Amino acid sequence: MEPRIHLITLGVRDFANAVRFYRDGLGWPLSAAGGGVVAFFRLGGLVLALYPWDKLAEDAHVPAGGAGSRGVTLAHNVRQREEVDRVLALAVSAGATLVKPAREVFWGGYSGYFADPQGHLWEVAWNPHFPFAPDGSLLLP
């Protein structure tokens, strides 16, 4: 098996609101694919998909109920420390909830968390140990 991820799908309880947050609030380009049933956002070499919560559960043959931590955090790394605060502020102005203000972290970087309007946790991080390649991907040691 080749080690890679092509697509991350978030189950969302309010599809229209979720699309507005990512498209209009964060300014991410929405693909024409999906026909209004699923939303696709190309993020470099990865695609973020939004799909109605109940339909995603149905597709996976699991119950749609449940709340609390989903045990998943998405991360958005930035090139410079100062960008962390700017990205967190943008997310909050677009309707996100600030979960953890940015601060110095034990691994030597700077990060904070927001929850999108559907409750999905995003870490915004500057990691001096993971520089960016020319194509925008992270160079892991």
(Q) Are there strands (runs of 3 or more DSSP E) fully within the stretch 1-108 with at least 1 residues that are touching a residue at least 24 places away in the same chain (Cβ under 8 Å) and within 25 Å of H129 (Cβ to Cβ)? List them. (A) 7-12, 46-52, 73-77
Q) So, in the stretch 34-67, of the ones that are in contact with a Phe, Trp or Tyr (Cβ under 7 Å, 6 or more places away or on another chain) and β-branched (V, I, T), which residue ends up farthest from N17 (Cα to Cα)? A) V47
Q: Would you mind stating whether L90 is farther than 15 Å from F21 by Cβ and out of contact with any His (no Cβ under 8 Å at 6 or more places or on another chain)?
A: no
Q. Any residue in the stretch 88-111 that is under 16 Å from T9 (Cα atoms) and surrounded by fewer than 18 Cβ atoms within 10 Å (Cβ to Cβ)?
A. no
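Here, each number is a calculation from the coordinates, and none is a lab measurement. Being a predicted model, the structure only gives us computed values, none of them experimental. All Cβ positions, even for glycine, are placed from backbone atoms using ideal geometry, and neighbour counts span all protein chains on display.
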